[in-house]
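As structure tokens, the structure follows; a few thoughts come after it.
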Amino acid sequence: MLKSLRNQLVIALGAVVSLFAILQGVSSYQFCVAGMSAVLDLRMEQVASRLRVGFGEGIPTVPARGSQDARDIFIVMWKDGETQPVRTTEPSLLLPRNAVEGFSSPIVNGEGWRIYTARDGAQTVQVAQRLSVRHEIEETAATKTLWPIVVLIPLVWAAVIFVVSRSLRELNRLGNKVRDIDVNHLQALPLARVPTELLPFIRSINLMIERLARSIESERKFISDAAHELRTPLTALQLQADNLQRDVMPSNQERFRALQGGIARSSNLISQLLRLARADAPPVGQSMTRAMISVDVSAAVVNAISDVLPIAMQRGIDIGADEMVSAKVRAIELDIGTVIKNLVSNAVRYTPDGGTIDLSTRVHDGMVSVEVKDTGSGIDETLLPRVFDRFFRANTDIEGSGLGLSIVKAIVTRYGGTVTLRNRDDGQSGIVATVSLPIEPDGAG
Ligand SMILES: Nc1ncnc2c1ncn2[C@@H]1O[C@H](COP(=O)(O)OP(=O)(O)OP(=O)(O)O)[C@@H](O)[C@H]1O
Ligand SMILES: [Mg+2]
């Protein structure tokens, strides 16, 4: 079964055109053979009619045997009362004298001949030609009519392939566009230049994209609203718990702290959910563009380090930056801060006390990359592909909501960047998290 539409069209069209060409070839070959045969007959008839009006006198009475070219027309003339031909161009050729008047094709001397016999009073004129010679002449002429078709068939195949490929190019273009569609790029397919036959199909896809975008947006809005709704009572709960702390008996203080810890974790989860809903929101045209400024990535790195410095020092973690290159990206400042802070906070959180965290920024191919390298325990290779999934936690011994990297991914994708996490390959255990963002024009330096 041929699955490719292009191949199906090429083969079907090519086969139909080739079939017509072959039929055309066969029929023109046959017409040509018949035409040549008629011409050769006419020539024999004309020769005979000339001989009847006296042209035969020029033929020698007894020519040498075999002196005539085998491909020629042979002539034999008889006279009533004479047993031998009165004139002949080949004495060894014994044509049947009593052959029917007009054309006949008898076997003479073991060979097929075409003979034209004309009787005029006492005189019989016979003009003959070998059938093999006639066939050769006919075939040579007919074969020449096949050449244009032989040349044309490959040309037609090439033309069919070209035309079909060209027509399907638009389909490939649309296919590429559809391939690029994902949750972060839910844009309708362009209808310009789409062939009429494909329009209903593309419109249906666009309706599907619209429905998908609406349902994703309503899911996002639900998460955002739910997080908002939960935040107020949780903040109140936290305040009440703080106020209550003084009145809790010392024997219950530990359980009370566990309760406070639970409230704090829930608050953190809600904050992360709100950040994710914000990062996932579709870029709202002008208002987003207005909020975008030129953000220095190395400044965001310095900020992120100073944020975690107290806790890093407390835990004996050596955090620092080398290879700092200043590069600017056009973005909302808070977004870039969130991205770097989430990676740095992961490094601090998952690196044991006394570890090392190195940050660096590099510029390459119009992108600025920030690398955060730690000396933690790394992540199991089988779990690595899932770290960007929401609520996925590779390490459940350490607290976290499992949303930090999802937020990073959502923000980075929105700006046309990438984020990757890999285990170190320099012999040490730990993670190398790399985020790359497109530099704004003239933003490097
Ligand atoms: N530097 C790292 N070293 C080891 N494991 C890591 C590192 N960064 C991320 N991980 C693993 O990937 C998981 C997902 O990280 P992510 O930042 O999304 O969530 P989290 O840190 O658990 O929670 P939070 O939402 O508070 O950031 C983590 O639970 C952790 O297991
Ligand atoms: Mg995290």
Some residue of the stretch 259-272 being in contact with a Lys or Arg (Cβ under 7 Å, 6 or more places away or on another chain) and part of a helix (DSSP H, G or I): yes
Meets criteria (in the same structural domain as Thr235 (by TED's automatic domain parsing), within 16 Å of ligand 1 (Cβ to nearest atom) and buried (at least 16 other Cβ atoms within 10 Å of the Cβ)) for Leu276: yes
Among the residues listed as Thr396, Thr356, Thr361, the single one being away from ligand 2 (no atom under 15 Å from the Cβ) and over 18 Å from Arg330 (Cβ atoms): Thr356
Qualifying residue in the stretch 181-191 (condition: of a type in the set (S, T, N, Q), in a helix (DSSP H, G or I) and outside the structural domain of Glu399 (by TED's automatic domain parsing)): no
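Please go through the stretch 423-445 and give me each residue that is assigned to a strand (DSSP E or B) and either among the charged types (D, E, K, R) or away from ligand 2 (no atom under 12 Å from the Cβ) (or both), ordered by number.
So in the stretch 423-445, the residues assigned to a strand (DSSP E or B) come out as 423, 431-438, 444.
Once the filter is applied, which keeps residues that are assigned to a strand (DSSP E or B) and either among the charged types (D, E, K, R) or away from ligand 2 (no atom under 12 Å from the Cβ) (or both), the stretch 423-445 yields Asn423, Val432, Thr434, Val435, Ser436, Leu437, Pro438, Ala444.
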Odd one out for Tyr350, checked against (1) more than 15 Å from ligand 2 (Cβ to nearest atom); (2) of a type outside the set (A, V, I, L, M, F, W, C); (3) buried (at least 17 other Cβ atoms within 10 Å of the Cβ): (1)
Single residue of Asp225, Asp180, Asp242 found to be farther than 30 Å from Arg390 by Cα, loosely packed, with under 13 Cβ neighbours inside 10 Å and free of Cβ contacts under 8 Å to residues at least 40 places away in the same chain: Asp242
Residue check for Leu309: surrounded by 12 or more Cβ atoms within 10 Å (Cβ to Cβ), assigned to a helix (DSSP H, G or I) and in the same structural domain as Glu323 (by TED's automatic domain parsing): yes
Enumeration of residues in the stretch 300-318 that are under 14 Å from Ile340 (Cα atoms) and in contact (Cβ under 8 Å) with a residue 24 or more places away in the chain: Ala300, Val301, Asn303, Ala304, Ile305, Asp307, Val308
Count of the stretch 43-81 residues which are modelled with pLDDT under 85, loosely packed, with under 13 Cβ neighbours inside 10 Å and either of a type in the set (Val, Ile, Thr) or not in a helix (DSSP H, G or I) (or both): 12
Conditions (1) more than 16 Å from ligand 2 (Cβ to nearest atom); (2) at pLDDT 95 or above: number failed by Glu323: (2)
Within the stretch 399-422, considering residues that are surrounded by fewer than 17 Cβ atoms within 10 Å (Cβ to Cβ) and more than 15 Å from ligand 2 (Cβ to nearest atom), the one farthest from Val372 (Cα to Cα): Gly416
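The values are calculated or read from the model by the stated rules, or taken from the named source; none is laboratory data. For clarity, every value in this text was computed on a predicted model and none was experimentally measured. Ideal geometry is used to build each Cβ from the backbone, glycine not excepted, and the neighbour counts take in all protein chains shown.
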